[in-house]
Amino acid sequence: PHGCGGPAVGALGVKKELESFLPVPIVDYDSEKGKYYLNYDLPDTIGKVREFYGVFPVVVRAYAWIMALGEEGLKEVARVAVLNNNYVMHKILREVKGADISYPANKKRIEQVRYTWKKLKEETGVGTEDVIRRMFDFGFHLWTSHHPWIIPEPFTIEPTESYSKEELDEYIEALKEISREAYNNPEKVKKAPYRSVIHKIEDNSWFEDPAKWSITWRLFKKKHGGKS
């Protein structure tokens, strides 16, 4: 489970040969007592990595959600999520000019799709970051992809089970309108957003340069001056 854009939390596994090197403590199971416990006794452990065990509130929320839904509820939300995603995919492929799916030879998708604006970029000069900024003006969020990009001009949509058909249609209409703008007046899209206090960030070099990364405020002050 994870929040929007992360951070995530989950179980990590290794093969038997690496088990003794795992950081401690690990969650182990005592079959005699029938209980889970924290095991610190690993002969070749690399030690403690950090003091927290993932993002604990996310685990609690995920557990509460699962318990509230139950077996049949989980099956139902899975079916609806897949249905919503495939509905959106078919609408985009048929109605949104300049958009396509990654690896189009395999058109089977489950709960999310990574699309590409490659054709839109080639034909209009409008890329995925331009479209994303313009989506802000319609009140919507649109995500690109993990970094570095493998798919050119990517955008990713994961509708989940939460949204109604009307809401999905509204989202698709926004994409269609932006596509129309790109083909008719590309500069309008490139200069977006128009309804945000934060405008276009021209310098993206910070994203490529680890020396400029400041994940926390403490790290920012350490790199750019001032006491931590």
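For segment 143-186, which residues satisfy the criterion of being modelled with pLDDT under 95 and among the polar types (S, T, N, Q)?
Answer for segment 143-186, where residues must be modelled with pLDDT under 95 and among the polar types (S, T, N, Q): T144, S145, T160, S162.
Give the residues of segment 182-228 that are within 24 Å of the chain's Cα centre (by Cα), farther than 30 Å from F138 by Cα and among the charged types (D, E, K, R), sorted by residue number.
D209, K212
Got a sec? Which helices (runs of 4 or more DSSP H) wholly within segment 130-208 have at least 2 residues that are touching a residue at least 40 places away in the same chain (Cβ under 8 Å) and assigned by TED's automatic domain parsing to the domain that holds V80? Spell out how you get there, then give the answer.
Working: elements: 165-184, 186-190, 205-208.
Filter on segment 130-208 gives 165-184, 186-190.
Hey, any hits in segment 74-81 for a residue that's in contact with a strand residue (DSSP E or B) (Cβ under 7 Å, 6 or more places away or on another chain), assigned by TED's automatic domain parsing to the domain that holds D169 and in contact (Cβ under 8 Å) with a residue 40 or more places away in the chain? Even if it seems obvious, please write down each step before you answer.
The first filter runs over segment 74-81 and keeps only residues in contact with a strand residue (DSSP E or B) (Cβ under 7 Å, 6 or more places away or on another chain), leaving none.
No: segment 74-81 contains no residue that is in contact with a strand residue (DSSP E or B) (Cβ under 7 Å, 6 or more places away or on another chain), assigned by TED's automatic domain parsing to the domain that holds D169 and in contact (Cβ under 8 Å) with a residue 40 or more places away in the chain.
Kindly check whether there is at least one residue in segment 59-67 that is outside the structural domain of H146 (by TED's automatic domain parsing), more than 23 Å from the chain's Cα centre (by Cα) and at pLDDT 90 or above. Can you show your working first?
Residues of segment 59-67 outside the structural domain of H146 (by TED's automatic domain parsing): 59-67.
Imposing the further condition that a residue be more than 23 Å from the chain's Cα centre (by Cα) reduces the set to 67.
Next, only the ones that are at pLDDT 90 or above stay: 67.
Yes - at least one qualifying residue is present in segment 59-67.
Could you grab me the full set of residues in segment 181-213 that are in contact with a helix residue (DSSP H, G or I) (Cβ under 7 Å, 6 or more places away or on another chain) and of a type in the set (D, E)?
Listed by number, the list holds a single entry, E181.
The values are calculated or read from the model by the stated rules, or taken from the named source; none is laboratory data. Quick caveat: nothing in here was measured; it's all calculated off a predicted structure. We place every Cβ from the backbone using ideal geometry, glycine too, and count neighbours over all the protein chains shown.
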